[in-house]
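S.K.: Here you go, one structure.
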Amino acid sequence: MSAVAFTGTSVMDIDAAKIRGAGSNVHFDKVSVAYGSHVVLHPLTLDIAPGEILAMIGPSGSGKTTALRAVAGFVRPASGRIRIGATDVTDLPPYERGLGMVVQNYALFPHMRVEDNVAFGLRAQGADKALIGERVKDALATVGMATFARRYPRELSGGQQQRVAIARALAVRPRVLLLDEPLSALDAQIRRNMVEEIARLHRSLPGLTILYVTHDQTEALTLADKIAIMRDGRVCSHGPTTELYRRPPNRFTAEFLGRANLLPVTVAEAVGSKGFATARHGDVVLTGAGRDEEAGDKSLLCIRPQHLSLTAGGEHTNRIVGTLREVHWQGELTHLVLDVDGTPVRVSATKLPVELPEPGAKVPLFFAPADTSLLPEDAGV
Amino acid sequence: MLVWSRPGRIVLWLLFALIFGVLFLAPLAVILLSSLADQWNGVLPNGLTTEHYTDVVQGQAWNAVKASLVTGFLASALALVSGTWAALALRVQGATLSTVLGLLFFIPSAVPSVSVGLGLLVAFSHPPLLLNGTIAIVMIAHFVLISAFTFGNVSAGLARLSPDFEQVASSLGARPAYRLWHVTLPLLAPYLVAAFGLSFALSMGELGATVMVYPPGWVTLPVSIFSLTDRGDIFAGAALTMILVAATLVLLLGLERVTKRATGA
C-alpha cells in the first residue's frame, strides 16, 4: 500500500458548492423491494440530508445493500418513491440518476488504464475533451493517485485500486456517492487507513452526500454523521452516530453498534429532571440515563465495556460485583469477562491494577451514570 | 499435486504419454507419413516424397483452402454475432425461458450433421427459399452447426462476468449501447475469440452437412479429402489433410496471440 493520502484539490472544493446547489438529499418514501412474494425491504422512509454521510449497517440479508441498489436504480421498488434533490428518480434508469458508485471489488475496468477508468463516466456522458482531462487530473490528485494514471488496474494494490474507484466515481461530480462495502476486500491495516482517508476526503468535499453500506461498525462509527441500523429488511434504529452509540434505543442496536453489557434491571424511581432514573439489579441500586421509564418497568441497563472500571473514583458512583471468568490480553487493551448474577459482563481496560485478580475472584466494577443508558427490555427490534 | 511419490508421478506420466500418443499423436503421425509416403507396403513407408503436396497444390487444393477459409470465417463471424446476441438477450430473461431457449440453440449439435444437411436441402429447395446449389446454403449449414458452441462459450463468459462492472458503468452515466461496446464486449473478448476459434476449427473440419449441400465450385477441404480418399488416393488425401491442419493451426495460433495482446495476459 502506498503512503499517499487523499489530498483534496481546489477544483473538488469549488464543485462542492455546485453539488450542494444541485440538491443532493436522498428521500426514501415508503420504499419496499420484493423478489416475488419475498419482501427483502419493508416500506422504508428515510432522509439523507445534503452533504451527510449516512451509514447503513446490519447483518447479511438485512436489506442494506438492497436499499442502496434501489437508489442506484438496479432494483425496482415494489412500492414507494425515491427522490434525489427535487427529482423523483424511481422510474429513471441508473444512467440518468447522476450518481457515483463504488463497490466492494472495485470493478475497475481491467482493459483500461487508470486515467481511462477515471474518464469513463465523463466520456460516456459526452463531456468535452478538455474538461475530461482536467477532471481526471483533479480526481486522481484528490485520491493521491496522480502518478499512477498510466498504469493498468492489475498493476495496483487493493488499496490503490479502491482509490481509483473512488476517483472514478468523483470525476462525474455525482449528486450522491454510493459506497457499497467499499473496504471489505482490504486487509485490516489498509482498511483502517482508508477509513481515515475517506473521512478526510469528505471534509474536503462537504457538499457530497454519501450513502455508505457496510457491516463494519467501526467504519460506520468513524465516518457517518448518521447511522441506520437494518435488520430483517427494516430500519430498527436511525439517528446521529454518537447519539445512537451512547443512547441505543433497543437491544439490537446496543449489541450491533459496538459491544454492550446489558444488565437486567427494574426501574425503582422514574426519570428525573436531570434525565437519570434509579434501577435495581437484584439488591444493587444503580443510576442510569433514561428516557421515559416509569417505576416498575423492566429494563436493560446498557454499559459499554470501556466504561467499566476496576477502580472507584470520580463519577464512577455505580458499583456492581462480578466473578472474574476470563482475562484476554490484546496488547493495547485487556478484555475481562465477568459473571454478574448470571449475566456475562465484559470489561475493556487500558490500565489494570498491578495485581490482577485470579479467575474465580470476586471483582467490583465501577461506572458512571452518564455512561449508561436504559432501554426497554422487550424492544428486541 | 495429487500424487506425491516420484514413482507414482512417473507412472502417471507414462500413462498420459500412452493415451496421448495412441489416441492423438498416432493418427496424425500416420496421416503425416502418408502425405509424404512414396509407397507404403510395410510397417513404415518405403520412401518419402513431396510429390503429393505438389499434386494437390497444382490441382484444386487452393480453391478448397479458399472455400474452407471463407466458409469458416463467414459462418463463424455470423455465429459469433448471433450467439453473443442470444447470450446477452437470454441473460436478462427469466430462468425458465432462458433455459428452454438456450437448449434450443444446442439442438443442432445433438443431431447428426448429415441430417442437418438433409434438412436444409429439403427446406431450401423450393421457392421462395430456393438456396439449393448456392454458397449461401453451405454457410447456413455451417452456421447452424457451430452457433451452439459460440452461444455456449459466450454464455459461459457472461456467467463469469461480475455484474458490478456493468452496474458501475451505468451508475457513471453509460447508456446500454455505450456500456455494451466499451465494457461488456471488451471484458468478454477472450471468450469471443475462443468462441470464434472453436467455431472456425469446427467449420474447417465439417463434412457431413457440407457434403449434402455443397454446390459445384465450392468444394471445401474436408469434401476434397473425402473425394480423394473415396477414389483411393489416400496419399493425396493425407497431403490435403495436413494442409487443413496447418491452415487451422496457423489461424488458431494467430487468434491466441491477438487475445493475449488484447487482454494483456
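The values are calculated or read from the model by the stated rules, or taken from the named source; none is laboratory data. Every value quoted in this text rests on a predicted model; they were computed, and no experiment measured them. Virtual Cβ from ideal backbone geometry, glycine too; neighbours counted across all protein chains shown. Quick note on the areas: whole protein, heavy atoms, side chains included, nothing else; ligands and nucleic acids left out. Shrake-Rupley method; radii C 1.70, N 1.55, O 1.52, S 1.80 Å.
S.K.: Using θ = phi - 60° and the Karplus relation 6.51 cos²θ - 1.76 cosθ + 1.60, list the HN-Hα couplings for region A:122-133 in order, rounded to whole Hz, with x at every Gly or Pro.
M.R.: Per-residue couplings from phi come out as 5, 5, 4, 8, x, 5, 5, 4, 5, 5, 4, x Hz.
S.K.: Continuing with this model, one more query. Hey, if we sort A:K362, B:K260, A:K351, A:K226 by accessible area with the 1.4 Å probe, largest down, what's the order?
M.R.: Numbers: A:K362 150, B:K260 110, A:K351 175, A:K226 65 Å².
These residues rank, largest area first, as A:K351, A:K362, B:K260, A:K226.
S.K.: Computed over the Cα atoms of region B:1-85, what is the ratio Rg over Rh, Rh following Kirkwood? The partial results should precede the final answer.
M.R.: Numbers: Rg = 21.1 Å, Rh = 17.3 Å.
Looking at region B:1-85, the ratio lands at 1.22.
S.K.: Taking all pairs of different Cα atoms in the protein assembly as shown, averaging 1/r and flipping that mean, what Kirkwood radius in angstroms comes out? Kindly include the intermediate steps, with their values, before the conclusion.
M.R.: Values: mean 1/r = 0.0326 Å⁻¹.
Result for the protein assembly as shown, one decimal place: 30.7 Å.
S.K.: What's the average, rounded to a whole number, of partner chain beta-carbon atoms within 10 Å of each residue's beta-carbon in A:87-95?
M.R.: Working: counts 0, 0, 0, 0, 0, 0, 3, 11, 10.
Per residue, the number of nearby Cβ atoms from other chains is 3 on average.
S.K.: Within the accessible area of chain A, what % is carbon and sulfur when the probe is 1.4 Å and the other protein chains stay in place?
M.R.: Numbers: 8180 of 16480 Å².
Here it works out to 50 percent.
S.K.: Just the number, please: buried accessible area between B and A, total of both chains, 1.4 angstrom probe, nearest 100 square angstrom.
M.R.: Buried area (both sides, nearest 100 Å²): 1900 Å².
S.K.: Provide a list, ordered by number, of residues in region A:113-130 showing at least 10 Å² less accessible area with every protein chain present than when their chain is taken on its own, using a 1.4 Å probe.
M.R.: Residues of region A:113-130 that lose at least 10 Å² of accessible area once the other chains are added: A:F120, A:G121, A:R123, A:A124, A:Q125.
S.K.: Sticking with this one: Say we join alpha carbon atoms closer than 10 Å with springs in a Gaussian network model of chain B; which of B:S82, B:S34, B:S162 then has the biggest fluctuation?
M.R.: B:S162
S.K.: What is the average number of partner chain Cβ atoms found within 10 Å of a Cβ in A:99-108?
M.R.: Values: counts 4, 4, 7, 2, 7, 1, 3, 2, 9, 3.
Across the residues of A:99-108, the mean count of other-chain Cβ atoms within 10 Å is 4.
S.K.: Which of rounded, prolate, oblate describes region B:159-239, given a ≥ b ≥ c as roots of the alpha-carbon gyration tensor eigenvalues and a/c under 1.5 marking rounded, otherwise prolate only if a/b is larger than b/c? All intermediate terms of the calculation are to be shown ahead of the outcome.
M.R.: Values: a/c = 5.52, a/b = 3.68, b/c = 1.50.
Prolate shape, in that a/c is at least 1.5 and a/b is the bigger ratio.
S.K.: Let me know the shape class of chain B, please: from the alpha-carbon gyration tensor, a ≥ b ≥ c as square roots of the eigenvalues, rounded when a/c is under 1.5, otherwise prolate if a/b is greater than b/c, or oblate.
M.R.: Working: a/c = 2.18, a/b = 1.32, b/c = 1.65.
Note, shape of chain B comes out oblate.
S.K.: Using heavy-atom solvent-accessible surface (probe 1.4 Å) with all chains present, what is the largest-first order of B:S147, B:S227?
M.R.: On the way: B:S147 10, B:S227 35 Å².
Greatest to least solvent exposure: B:S227, B:S147.
S.K.: Say each of B:V111 and A:E269 gets a label point 7 Å from the Cα, pointing the same way as Cα to Cβ; how far apart are those two points in nm?
M.R.: 9.2
S.K.: Amide H of A:M101: which non-local residues (sequence gap of 5 or more, or other chain) have their own amide H closer than 5 Å, using H built in the peptide plane?
M.R.: A:L178
S.K.: A further question on this structure: Rounded to the nearest percent, how much of the accessible area of region B:61-263 (1.4 Å probe, protein heavy atoms only) is carbon and sulfur? It would help to have the intermediate numbers written out before the result.
M.R.: Details: 6950 of 9550 Å².
Whole-percent figure for carbon plus sulfur exposure: 73.
S.K.: Another question, then. For the protein assembly as shown, what is the calculated [θ] at 222 nm in deg cm²/dmol (nearest 500), taking -39500 (n - 2.57) for each run of four or more DSSP H residues and dividing by its residue count?
M.R.: Working: 22 runs with 294 residues, N = 646.
About -14500 deg cm²/dmol.
S.K.: Right, here's the next one. Per residue, how much accessible area does the protein assembly as shown show when a 1.4 Å probe rolls over the protein heavy atoms, in square angstrom? List each step's numbers first, then the result.
M.R.: Values: 30990 Å² over 646 residues.
Here the per-residue accessible area is 48 Å².
S.K.: Go through region B:70-86 residue by residue and turn each phi into a ³J(HN,Hα) via Karplus (6.51, -1.76, 1.60, θ = phi - 60°); whole Hz please, and just put x for glycine and proline.
M.R.: 3J(HN,Hα) across region B:70-86, in whole Hz: 5, 4, x, 5, 5, 5, 5, 5, 5, 5, 5, 5, 6, x, 5, 4, 4.
S.K.: List, largest first, the extents of the alpha carbons of region B:1-49 along their principal axes, each in whole Å.
M.R.: 48, 15, 13
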